[in-house]
1. Out of the range 32-46, which residues are at pLDDT below 95 and either over 16 Å from residue 155 (Cβ atoms) or out of contact with any Ser or Thr (no Cβ under 8 Å at 6 or more places or on another chain) (or both)?
2. Take the conditions at pLDDT 95 or above and among the small types (Gly, Ala, Ser) and apply them to residue 166. Does it pass?
3. Does the range 39-65 hold any residues that are without any contact (Cβ under 8 Å) to a residue 60 or more places away in the chain, under 28 Å from residue 140 (Cβ atoms) and surrounded by 11 or more Cβ atoms within 10 Å (Cβ to Cβ), and which are they?
4. Would you check which residues across the range 77-103 are aliphatic (A, V, I, L, M), more than 14 Å from the chain's Cα centre (by Cα) and at pLDDT below 95 and list them?
Amino acid sequence: MARIILDDGTETTELSKIQQRLARIGITLQSWPAPAGERAQTLLDQKALTDDEKAELLKSVDNRFEELKRDKGYQTRDMIVIHEDIPNVAEMLAKFDRIHYHTDDEVRYILAGRGYFGFVEPDGKQFMLEVVAGDYINVPAKTEHWFELLDSTRIKAVRYFIDTSGWTPVYTERAMADSFA
């Protein structure tokens with residue numbers, strides 16, 4: 001279940017309150033069950049996945065992709081699997097731990113692990129959102145945010161795209177709040 005962490009350290013895990021806060025900046029958060037079944041759980045528990053295993057997990061959530069294609073116009077998807085043994089993982093993650101935006105929506109369906117999105121509100125206030133298995137998040141294009149793993153070393157997520165070229169980060173000059181830096 002998702003959790004919002006405010007810059008003063010207060011937190012909430014109440015989904016309706018989290019959804020309301022996110023909706024103020026156009027973000028959608030839904031709770032979708034992660035793939036079930038013994039084989040799916042085996043794959044989700046593995047640190048790394050082969051391309052065939054990624055395809056197998058993607059197939060297990062085809063219904064979500066079909067829904068997003070029909071309702072939102074998404075054209076393609078892939079699976080990202082991040083773990084501590086990936087060569088240069090710190091450098092890869094460093095591309096996203098500064099405030100930036102994308103020219104396309106950033107859409108993730110977390111299947112395993114957890115990560116942290118930070119967001120900038122119109123008044124400049126910032127907060128973090130912890131996402132975990134079963135969380136679906138749609139961050140609209142041009143929404144200032146950042147992403148980190150923090151205390152987590154692993155995450156498996158489906159990424160959905162209308163146009164993959166719009167996913168390059170555009171960095172802003174805004175600094176992160178001291179409580180998140």
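1. Filtering the range 32-46 down to residues at pLDDT below 95 leaves 32-37.
Of everything in the range 32-46, those that are at pLDDT below 95 and either over 16 Å from residue 155 (Cβ atoms) or out of contact with any Ser or Thr (no Cβ under 8 Å at 6 or more places or on another chain) (or both) turn out to be 32, 33, 34, 36, 37.
2. Numbers: at pLDDT 95 or above: no; among the small types (Gly, Ala, Ser): yes.
So residue 166 fails the test.
3. 54, 60, listed by residue number.
4. First pass over the range 77-103, keeping only residues aliphatic (A, V, I, L, M): 79-82, 86, 89-90, 92-94, 99.
With the extra rule that they be more than 14 Å from the chain's Cα centre (by Cα), the set shrinks to 86, 89-90, 92, 94, 99.
Of everything in the range 77-103, those that are aliphatic (A, V, I, L, M), more than 14 Å from the chain's Cα centre (by Cα) and at pLDDT below 95 turn out to be 86, 89, 90, 92, 94.
One line per residue, one yes/no per condition, for (1) among the hydroxyl-bearing types (Ser, Thr, Tyr); (2) under 19 Å from residue 45 (Cα atoms); (3) buried (at least 20 other Cβ atoms within 10 Å of the Cβ):
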| site | (1), (2), (3) |
| --- | --- |
| 97 | no, no, no |
| 103 | yes, no, no |
| 109 | yes, yes, yes |
| 112 | no, yes, yes |
| 118 | no, no, yes |
| 126 | no, no, yes |
| 134 | no, yes, no |
| 142 | no, no, no |
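The values are calculated or read from the model by the stated rules, or taken from the named source; none is laboratory data. These numbers were taken from a predicted model, which means no experiment stands behind them. Glycine gets a Cβ as well: all are built from the backbone with ideal geometry, and neighbour counts include every protein chain shown.
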